[in-house]
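Accompanying notes for the structure given below.
Read-outs throughout are calculated quantities, based only on the coordinates presented, and are distinct from any laboratory measurement. Note that this is a predicted model, so its numbers are computed, not measured. Using ideal geometry, Cβ is built from the backbone for each residue, glycine included, and neighbour counts are taken over all protein chains shown.
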Amino acid sequence: MTKTLKTFCMTTILMLGCARISVIACSCLTDFKRIKSMDDLKTYEFVALVKVTSETVNPFTDTTRFRTAKLGFKIIEKFKGKDIRELTEFDIQSSCEMGIEVGDEWLLFAMVRDGQVSVAACNRNVRYRDKNGVRDWHFKRGIEELEDLRKLYDRGEKRKRDGIERQHYPDGKLEVESTYYDGLKNGIRTVYHHNGKIWGKQMFVNDSLQGKSEWFYPSGQLYDQKFYRKGILINMSRVYHDTTVTERMKKFLIRDFYETEDSLRKTYSRIQVWLEALYDYNGQIVSSRQYSRWGVIEQEYVYHHEDSTYTSVFYHPNGQVSSINHFKNYTKPYGHYQGYDPDGNPTNGGDYDASGKQINLHIPK
């Protein structure tokens, strides 16, 4: 399987967090690789870790589709550009808004747009720490980018770490506890939610993930479970539905989906797999599935690496097969497509040639 397919599967199908893709409501889809050289930064005018101090929304103008804002900040660590203290933030109050809040820490990768040093959602910009001091240890968004920049600019940690190292939230609460030997992560790393509950627990051997990795919701319920061999995914990875229900959410669900609070509680209290993916010993994905909160399979993908194809199967809410599709080179439909009604009877179908063009259409009378 190609790297492109791995990225696609883990983010748009499984959302298991192993890819570096940003997808937002305005259909911004960008695959940013790790930062390895100065060439990766050549399109940026200003690169820095900053703390946001203000966000002033500008009035509408005739030259912009969405509103802009003047983003004020304090530089924590600069990597490229002049010592500026503000820039333009595009697409405010739209589906493309970046979600910046005053008090956040962001890694800004600013470009020149319309003659202004600016940031926008589809660029590499990433939150490093939210206004409450929380970093994304689960998917390492922001953390990896800062590590890469410090390594590129030779600002990495110089001392050789040994023993247990602890990091804390800005208010002093324990955030991360890691074990090092001879400068490398060796042993258990435990990450804590701000409320004190365990967020994640992983085993490292010489800086590589090894064995079982688990992450948890703030409630303490299991979020996902994965298995690694020398840093690559193997075995079965699973993501679970969240059982947490807020009072506001409860009222909405009972009103629109459940007749009573008892039926809601019965459904939401069960620990149910949401997404799962099976990997072979070498880290190639074999199959993936998605389930409803009620435990009914919704979609399934089976991958055939020997000829770069995969089969997708979608299901009706009653568990009956809804459709079967085949794809070649992971993007082009090929062979026979077939749809079914909720009773299992064939409905529309079709055939595709080698180029992905539909050549036959079958609709039962």
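Tell me, what does the Kirkwood hydrodynamic radius of the chain come to in angstroms if you use every pair of distinct C-alpha atoms?
After inverting the mean inverse Cα-Cα distance, the result is 23.8 Å.
For the range 157-209, rounded, prolate or oblate, judged on the Cα gyration tensor with a ≥ b ≥ c (square roots of eigenvalues), a/c < 1.5 rounded, else prolate if a/b > b/c?
On the way: a/c = 3.20, a/b = 1.52, b/c = 2.10.
Verdict is oblate for the range 157-209.
Only loop residues by DSSP count here, and only those with at most 15 other Cβ atoms within 10 Å; note down the trypsin sites (Lys or Arg not before Pro) in the range 186-285 that meet that. Please list the in-between numbers first.
On the way: sites: 189, 197, 201, 212, 226, 229, 230, 238, 248, 250, 251, 255, 265, 266, 270; in loops: 197, 230, 270.
Those satisfying the criteria are 197, 230, 270.
Using alpha-carbon pairs under 8 Å, 6+ residues apart, how would you state the relative contact order of the chain in percent? It would help to have the intermediate numbers written out before the result.
Numbers: 787 pairs, mean separation 28.3, N = 365.
Once divided by the residue count of the chain, the mean separation gives 8 percent.
Got a sec? Charge dipole of the chain, +1 on Cβ for Lys and Arg, -1 for Asp and Glu; which of 359, 174, 324 is way out at the positive end?
174
What three numbers, in Å, describe the spread of the alpha carbons of the range 222-365 along their principal axes, ordered from the longest?
53, 53, 21
If neighbour count is taken as other Cβ atoms inside 10 Å, put 38, 98, 111 in order from fewest to most. Don't skip to the answer; put the middle values down first.
Details: 38 10, 98 23, 111 17.
Arranged by neighbour count, lowest to highest, 38, 98, 111 become 38, 111, 98.
Among the lysines, which fall within straight-line cross-link reach of residue 131, defined as a Cα-Cα distance under 16 Å, with same-chain neighbours fewer than 8 residues apart omitted?
Within the straight-line cut-off, residue 131 pairs with 51, 74, 173.
So, with +1 on the Cβ of K and R and -1 on the Cβ of D and E, and no other charges, what is the size of the charge dipole of the chain about its Cα centre, to the nearest 20 debye?
Numbers: 55 positive and 49 negative charges, 183 e Å.
That gives the chain a dipole magnitude of about 880 debye.
To make sure I understand, if each residue's beta carbon is the centre and we count other beta carbons within 10 Å, what order do 247, 89, 177 fall in, fewest to most? If you can, show how the numbers build up before the last one.
Details: 247 7, 89 26, 177 15.
Sorted ascending by nearby Cβ count, the order is 247, 177, 89.
Let me see the pair-distance distribution of the range 139-275: every alpha carbon pair, 10 Å bin width, integer percents in order.
11, 28, 32, 17, 9, 3, 0
Could you work out the relative contact order of the range 157-209, using alpha carbon pairs under 8 angstrom and six or more residues apart, expressed as a whole percent? Kindly include the intermediate steps, with their values, before the conclusion.
Numbers: 106 pairs, mean separation 14.2, N = 53.
For the range 157-209, the relative contact order is 27 percent.
Let's see if you can work this out: charge +1 on each Lys and Arg Cβ, -1 on each Asp and Glu Cβ, no other charges. What is the dipole magnitude of the range 29-173 about its Cα centre, in debye to the nearest 20? Walk me through the numbers on the way to the answer.
On the way: 30 positive and 27 negative charges, 119 e Å.
Charge dipole of the range 29-173: 580 debye, to the nearest 20.
Roughly speaking, what is the centre-to-centre gap between the range 325-365 and the range 195-266 when only Cα atoms are used, to the nearest Å?
A separation of 36 Å, based on Cα centres.
Just to be sure I follow: if Rg is taken over the C-alpha atoms of the range 33-156 and Rh is the Kirkwood radius over the same atoms, what is Rg/Rh?
Working: Rg = 14.2 Å, Rh = 14.8 Å.
Ratio of gyration radius to Kirkwood radius: 0.95.
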